[in-house]
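Enquirer: Quick one: this structure, given as structure tokens, is what I'll be asking you about.
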Amino acid sequence: MRPLIATIRLDHLRHNYQLARAAHGDKTLAVLKANGYGHGAARCGLALADIADGFAVACLEEALELRAAGIAKPILLLEGVFEAEELEAVDQHGLWMAVASEEQLRMVERANPSRPFNVWLMLDSGMHREGFLPENYHAAWHRLEASGKVGSITKMTHFARADEPEVPMTFAQLETFDAVVKGLPAGDESVANSAGILCHPRAQRNWGRVGIALYGVTPLPAGCGQGEALRPVMRFSSKVFGVRELAAGEPIGYGDNFVTERPTRVGLVACGYADGYPRRASTGSPVLIDGHRSRLIGRVSMDMLTVDLTDLPQAGVGSEVELWGEAVSVNEVAAHAGTIGYELLCNVKRAHFHYR
């Protein structure tokens with residue numbers, strides 16, 4: 001059996017949720033979109049079902065997977081619905097949904113639900129990705145209220161740069177949000193994502209939305225906020241299954257982009273870009289081999305990568321390699337690949353998932 005394993009620490013998942021909820025100070029949705037950021041949405045949802053206030057996913061298909069797994073807590077569709085026909089399932093399964101466009105608003109107005117919808121009305125406070133512009137927000141609110149199809153409306157927005165604490169845009173978005181919702185009927189509000197929860201106390205409202213931090217990955221710079229208290233949920237590991245000795249001056253892998261500078265012991269590891277390890281990861285990307293830090297050398301292949309065993313004489317065939325996890329941060333690997341930890345976690349596949 002190929003030795004590529006994603007070990008998922010559900011106790012760490014619970015710890016991270018409880019830390020985020022305490023930091024936010026009120027109800028908090030656990031975001032399980034993209035298959036729980038690659039961790040397994042249903043298994044993560046079940047592990048949190050007794051402590052989470054609710055869950056959030058991107059779309060209807062993801063919500064139905066959670067309902068089929070037996071999760072009865074509220075589930076918010078962060079992207080809302082794409083077709084009017086989906087509203088029947090929203091109604092049947094008691095789902096909550098974002099409304100972020102004129103098209104979605106019209107779908108609600110034309111629907112005939114058996115019970116009022118729970119709607120989260122998105123304000124575009126400056127990110128300019130989705131949501132109603134400030135000058136149109138009140139009208140959208142009143143149309144929902146007048147439709148007779150909606151039981152509650154949560155005011156929401158999304159931050160563009162909350163993971164950059166020194167950038168003033170987050171404060172500007174908060175000011176825009178507060179100014180726009182002023183004068184509307186009192187009700188629940190939601191503005192804080194993971195970075196907002198961990199680093200922006202002014203973003204504390206009725207509902208937080210914890211995403212990447214739930215999985216133990218801080219979206220913030222080192223030493224900022226409460227990110228250091230998170231515990232990584234996924235440990236992505238494999239084993240060395242081949243070793244060779246190369247003299248100085250020998251190329252390794254596709255493209256000859258790495259040439260040995262000294263006699264080098266090379267370990268061949270069962271993991272490649274088809275498994276989710278980034279092809280763009282550069283020589284020097286960190287790995288942990290039998291508990292000792294070493295580095296990636298050469299270009300990542302589809303199914304394999306190569307690591308430096310030269311200074312680890314005890315390492316060889318069968319040695320365990322942590323690609324990321326508790327000792328090697330996924331953010332550190334992502335930085336060497338010119339991307340973010342989110343992408344690496346979401347791309348994991350062909351691994352054997354072990355839950356504990």
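Enquirer: So how far, in whole Å, is the C-alpha centre of the range 240-281 from the one of the range 18-80?
Expert: Centre-to-centre distance over Cα atoms comes out at 39 Å.
Enquirer: What full-extension length gain, to one decimal in nm, is calculated for K349 and E61 as 0.36 nm per residue of separation minus the Cα-Cα distance?
Expert: Residue separation times 0.36 nm, minus the Cα-Cα distance, leaves 101.7 nm.
Enquirer: Under a point-charge model restricted to the Cβ atoms of Lys and Arg (+1) and Asp and Glu (-1), what is the dipole moment magnitude of the chain relative to its Cα centre, in debye to the nearest 20?
Expert: 680 debye
Enquirer: Most mobile of L246, L46, L95 per a Gaussian network model of the chain (Cα springs, under 10 Å)?
Expert: Judging by the Gaussian network model, the answer is L246.
Enquirer: Still on this model: Any idea which of S114, V150, P165 is furthest toward the positive side of the dipole for the range 36-190, if Lys and Arg beta-carbons carry +1 and Asp and Glu beta-carbons -1?
Expert: The one lying farthest along the dipole's positive direction is S114.
Enquirer: Extending each Cα 7 Å along its Cβ direction at Q204 and D26, get the distance between those two points in nm, one decimal.
Expert: 1.0 nm
Enquirer: Where in the range 227-241 does the label zone of D11 land, with the point 7 angstrom along Cα→C-beta and an amide N cut-off under 17 Å?
Expert: 230-235
Enquirer: May I pose another question? Among the DSSP beta bridges whose two residues both lie in the chain, what percent are antiparallel, rounded to the nearest 5?
Expert: So the antiparallel bridges amount to about 45 percent of the total.
Enquirer: Another question, if that's okay. Report the local net charge at A52: Lys and Arg +1, Asp and Glu -1, summed over other residues whose C-beta lies under 10 Å from its C-beta.
Expert: Summing Lys and Arg as +1 and Asp and Glu as -1 gives +2.
Enquirer: Moving on to the next point. Pop the C-beta distance of R279 and R115 into the FRET formula with R0 = 51 Å and round what comes out to the nearest 0.05.
Expert: About 0.60, to the nearest 0.05.
Enquirer: Are there any trypsin sites (Lys or Arg not before Pro) in the range 108-177 that are in a DSSP loop and have at most 13 other Cβ atoms within 10 Å? List them by number.
Expert: R129
Enquirer: Report, to the nearest 10°, how far helix 134-147 tilts away from the longest principal axis of the Cα atoms in the chain, using its own Cα long axis and a range of 0 to 90°.
Expert: With rounding to tens, the tilt is 60 degrees.
Enquirer: Taking only the alpha-carbon positions of the chain and ignoring solvent, what does the Debye formula give for the base-10 log of I(q)/I(0) at q = 0.08, 0.14, 0.15 Å⁻¹?
Expert: Debye intensities relative to I(0), on a log10 scale: -0.46, -1.08, -1.18.
Enquirer: Please give me the summed charge of the neighbours of L87: other residues whose Cβ is under 10 Å from its Cβ, Lys and Arg +1, Asp and Glu -1.
Expert: Neighbourhood net charge equals -3.
Enquirer: Can you give the longest stretch of the chain with no exposed loop site, where a site means GluC sites (Glu not before Pro) in a DSSP loop (not H, G, I, E or B) with at most 14 other C-beta atoms within 10 Å?
Expert: Between the exposed loop sites, the longest stretch runs 262-356.
Enquirer: Let me ask something additional. So what is the relative contact order of the chain, in percent, for Cα pairs below 8 Å that sit 6 or more residues apart?
Expert: Relative CO of the chain lands at 18 percent.
Enquirer: Moving on. Select from A20, A247, A72 the residue whose mean-square fluctuation is largest in a Gaussian network model of the chain (Cα-Cα springs shorter than 10 Å).
Expert: Fluctuation is largest for A247.
Enquirer: What is the local net charge at F171, summed over the other residues whose Cβ is closer than 13 Å to its Cβ (Lys, Arg +1; Asp, Glu -1)?
Expert: -2
Enquirer: Of K33/K149; K27/K182; K27/K239; K73/K155, which ones are farther than 31 Å apart at the Cα?
Expert: Those over the limit are K27/K239.
Enquirer: Anyone know which of H158, H128, H15 comes out most mobile in the 10 Å Cα GNM of the chain?
Expert: It is H128.
Enquirer: Give the order of H12, H39 when sorted by the count of other beta carbons within 10 angstrom, beginning with the fewest.
Expert: H12, H39
Enquirer: What FRET efficiency do you get for H142 and A49 if R0 is 45 Å and r is their Cβ-Cβ distance, rounded to the nearest 0.05?
Expert: 0.80
Enquirer: Would you calculate the separation in nanometres between label points at E261 and A172, each defined as 7 Å from the Cα along the Cα-to-beta-carbon direction?
Expert: About 4.4 nm separates the two model spin labels.
All of the numbers you see were taken from the coordinates with simple rules; none came from a lab. Everything numeric in this text was worked out from a predicted model, so none of it was measured. Glycine gets a Cβ as well: all are built from the backbone with ideal geometry, and neighbour counts include every protein chain shown.
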